[in-house]
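Every read-out reported here was derived from the displayed coordinates using simple, explicitly stated rules and does not represent laboratory data. Every value quoted in this text rests on a predicted model; they were computed, and no experiment measured them. Positions of Cβ are generated from backbone atoms using ideal geometry, with glycine treated the same way; all protein chains shown enter the neighbour counts.
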Amino acid sequence: MRIGNLAQLAILLLGLSLIALACSDGERSVRGVILEVESSSLVELDSFALRTNDGETIVFVPDLDVGADPQEAIFAGHLLGHMQAAEQVTVYYRDEGGVFLAIRIEHD
């Protein structure tokens, strides 16, 4: 291939990558144990800290859109139970400008 063809191919691949990124919902996941739960009651969750399996500590806040649905809401009391048992959980979240919004939490 000529240099010009390689450059065109690189530009095409970069463009396709950007399109794929823009079309994704940005949901990520991380696994670890809950270290701390901040709440005003057993129902209302303000934030929680997770120690990832890589040793990083991440603070999450609940996504308010999720909290509006009782079937999907993340409750403080539930997280406290996982924290006390030191159970591994998977947190699904979105990074909104450096604020990590927890969408859902799953455990084994």
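At 0.36 nm per residue, minus the direct Cα-Cα distance, what do H78 and R94 gain on full extension? Give it in nm, one decimal, please.
3.7 nm
Calculate the translational D of the stretch 27-107 in whole µm² s⁻¹ from Stokes-Einstein, where the hydrodynamic radius comes from the Kirkwood formula applied to all Cα pairs, the temperature is 25 °C and the viscosity 0.890 mPa s.
198 µm²/s
E106 to D46: extension gain in nm, 0.36 nm per residue of separation minus the Cα-Cα distance?
Full extension of this stretch gives 19.7 nm more.
Could you check the spin-label model distance between I58 and V33? Points 7 Å from the Cα along Cα→Cβ, value in nm.
Spacing of the two 7 Å Cα→Cβ label points: 1.8 nm.
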